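Asker: Below is the structure I would like to discuss, written out as structure tokens.
Where a number appears in this text, it was derived from the coordinates with a stated rule and is not lab data. Please read these numbers as outputs of a predicted model, since none were measured by experiment. In this analysis, Cβ positions are derived from the backbone assuming ideal geometry, glycine residues included, and neighbour counts consider all displayed protein chains.
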Amino acid sequence: MRTQSTNSHAGRKSRADQWKPPYSGFPLSFHPPSGRLYKKIRGKRHYFGYAKDWQSALEKYDRDSDFLYRGEEPPIEVDSLSLGDLCNRFLTAKQRLLEAGEIGRRTFSEYHQACERMIDHFRKQQPVSLLDSDQFGAYRAVLAKTRGPVALGNEIQRVRSVFKFGVDEGLIQPVKFGQSFQKPSRKVLRIQKAQSGPKMFEPDEIKKLLNSASQPLKACILLAINCGFGAADLSSLPQSTVDLENGWVTFPRPKTGIPRRAKLWKASVMSLREYARIRPKAQDELDADCFLLTKSGQRLVRQTKSNKPNKMANRTDSIANAFKRLVKSLEIKEGRGFYCLRHSFLTAAEQQCTDLVAIRYVMGHADPSVTAHYRERIDDARLEQVASAVHGWLFDEQG
């Protein structure tokens, strides 16, 4: 082993000795392990190309050095941008959106991980201009080995968004993904959905859950089936948006900012009043207006800040965890999470009520129609009909 190490060292030294500057005063230094030429500028080593093509390296140095000495990013040639550089610029742009509150940390983490996976597969120095449809097709095959159709489609969309950013920013020419790098077809998604079964809870299951749930989970289940709320909605539900006196909740969706209003059932009001009497003090002042908190005074869904932006393991969903335990303890069919109650709400609402505009408004879904642009409000009577329809479905009320 000692001999090999010595020989290896000698080989590197020999390699360094073999390369000589082409002329006296040549501004670049040689990096033996990589065979590249570099210059240390403002305390950072910058590489400009390989020694075997020192003329091109020198040309790049002449183009970029003024920018680097001023501490600026040099302009990038469209045909020379590496995948690593593209990902770095993409993530920098997303980091700004994260800091501005325009995207969530989870979304940023997903982008970050998608970039890491691409770099691991293609390599960091891969010129974007040399990527072709065969390479993207092979990458899709790798992704498909560990992902179902929905997750695969989401990852493909994230990958495409990185290259779209590069095109929009004028960094690269449009990339040819080819027909093989497509999201799974609707047919494939339908087949998977049929195989996994309905993603909703039936009335008897929901009533069983309500009869056994303790606070605040009971209030969460009621709001999910009464108003179509998800865990993130419930976690950030402000006290100021809930009118227990008149039985209304007016709360835009945190995910999209789309207006939303729903009529509360008497059972929901009673459950919220019951919880309000035992509600703990918020640990964090920022959560002081949250209606629902854990027993220890924390948000029901929270993400601990991390210095590692690619990590998502620090997200804690107390609602999902408690709901999963309850479903298992009651021996209700598993494989359906808390969000499936939102599926139940919409299914029941459309089954019992014909006012799709009102249903969409309660759900907080975007209305793509032209008339939605002119609609300023929806009469409360229509929203009450939606609440009544779902209540009738759940408790088997006629009429």
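Asker: Treat each spin label as a single point 7 Å out from the Cα along the C-beta direction, and report the V188 to K40 distance in nm.
Answerer: 5.1 nm
Asker: Also, quick follow-up: Label E102 and K324 with points 7 Å out from Cα along Cα→Cβ: what is the distance between them in nm?
Answerer: 3.4 nm
Asker: From the helices alone, meaning DSSP H stretches of at least four residues, give me the mean residue ellipticity at 222 nm for the chain, per-run term -39500 (n - 2.57), in deg cm²/dmol to the nearest 500.
Answerer: -16000 deg cm²/dmol
Asker: Okay, next question. Would you list E274, E99, E376 from fewest to most Cβ contacts within 10 Å?
Answerer: E376, E99, E274
Asker: Still on this structure: Have a look at H365, I156, L292 and report the one farthest towards the positive end of the charge dipole of the chain, computed about the Cα centre with Cβ charges (Lys/Arg +1, Asp/Glu -1).
Answerer: Most positive-ward Cα: I156.
Asker: On to the next question. Please label the shape of the range 167-225 as rounded, prolate or oblate, based on the square roots a ≥ b ≥ c of the eigenvalues of the alpha-carbon gyration tensor (a/c under 1.5 means rounded; beyond that, a/b larger than b/c means prolate, else oblate).
Answerer: oblate
Asker: Given axes a ≥ b ≥ c from the Cα gyration tensor, I'd like to know whether the range 83-196 is rounded (a/c under 1.5), prolate (a/b larger than b/c) or oblate.
Answerer: Oblate is the answer for the range 83-196, as a/c is 1.5 or above yet b/c matches or exceeds a/b.
Asker: Taking chymotrypsin sites (Phe, Trp or Tyr not before Pro) as exposed when DSSP calls them loop (any state but H, G, I, E, B) and at most 12 other Cβ atoms lie within 10 Å, what is the longest stretch of the chain free of them, the sites themselves excluded?
Answerer: Between the exposed loop sites, the longest stretch runs 24-394.
Asker: Can you give me the relative contact order of the range 203-394 as a percent, contacts being Cα pairs under 8 Å and 6 or more apart?
Answerer: Taking the mean separation of contacting Cα pairs over the length of the range 203-394, I get 28 percent.
Asker: Same structure, new question: Per-residue HN-Hα couplings for the range 32-49, Karplus 6.51 cos²θ - 1.76 cosθ + 1.60 at θ = phi - 60°, whole Hz, x for Gly and Pro?
Answerer: Residue by residue, the range 32-49 yields x, x, 9, x, 9, 9, 9, 9, 8, 10, 6, x, 10, 7, 10, 9, 10, x Hz.
Asker: Let me ask another. Whole Å is fine, so just give me how far the alpha carbon centre of the range 256-279 lies from that of the range 34-68.
Answerer: 63 Å
Asker: For the range 160-225, which trypsin sites (Lys or Arg not before Pro) are both in a DSSP coil and crowded by at most 14 other Cβ atoms within 10 Å?
Answerer: Details: sites: R160, K164, K176, R186, K187, R190, K193, K199, K207, K208, K218; in loops: K176, K199.
Of the trypsin sites (Lys or Arg not before Pro), the ones in loops of the range 160-225 whose Cβ has at most 14 other Cβ atoms within 10 Å are K176.
Asker: In addition: Putting +1 on Lys and Arg Cβ atoms and -1 on Asp and Glu Cβ atoms, find which of P127, S180, A389 reaches farthest to the positive end of the dipole of the chain.
Answerer: Toward the positive end, the furthest listed residue is P127.
Asker: A further question follows. Under the definition of Cα pairs under 8 Å and six or more residues apart, what whole-number percent is the relative contact order of the range 83-196? If you can, show how the numbers build up before the last one.
Answerer: Values: 94 pairs, mean separation 36.2, N = 114.
For the range 83-196, the relative contact order is 32 percent.
Asker: Anything over 19 Å Cα to Cα? Flag those among K193/K255; K208/K328; K207/K281, in the order listed.
Answerer: Table pairs above 19 Å Cα-Cα are K193/K255; K207/K281.
Asker: Got the relative contact order for the chain handy, in percent, Cα pairs under 8 Å and 6 or more residues apart? It would help to have the intermediate numbers written out before the result.
Answerer: Values: 466 pairs, mean separation 51.5, N = 399.
Result for the chain is 13 percent.
Asker: Okay, moving on. Taking the Cα centre of the chain as the origin, how large is its charge dipole in debye, to the nearest 20, when only Lys and Arg (+1) and Asp and Glu (-1) carry charge on their Cβ atoms?
Answerer: 1620 debye
Asker: Stretched out fully, how many nm does the piece from E274 to F395 gain, at 0.36 nm a residue minus the Cα gap?
Answerer: Values: separation 121, 0.36 × 121 = 43.56 nm, distance 2.12 nm.
Working it through step by step, the gained length comes to 41.4 nm.
Asker: Here is a follow-up. Going by the alpha-carbon gyration tensor, a ≥ b ≥ c the square roots of its eigenvalues, is the chain rounded (a/c under 1.5) or, if a/c is not under 1.5, prolate (a/b greater than b/c) versus oblate?
Answerer: prolate
Asker: Please work through the chain and write down the cysteines that have no neighbouring cysteine Cβ at a distance under 4.7 Å.
Answerer: C220, C227, C290, C340, C353
Asker: Right, something else. Mind giving me the FRET efficiency for T241 and K52? R0 is 56 Å, r the Cβ-Cβ distance, nearest 0.05 is fine.
Answerer: For R0 = 56 Å, the calculated efficiency reads 0.25.
Asker: If you build a Gaussian network model of the chain, linking Cα atoms that sit under 10 Å apart, which residue out of S65, S240, S296 swings the most?
Answerer: In this elastic network of the chain, the residue with the biggest mean-square fluctuation among S65, S240, S296 is S65.
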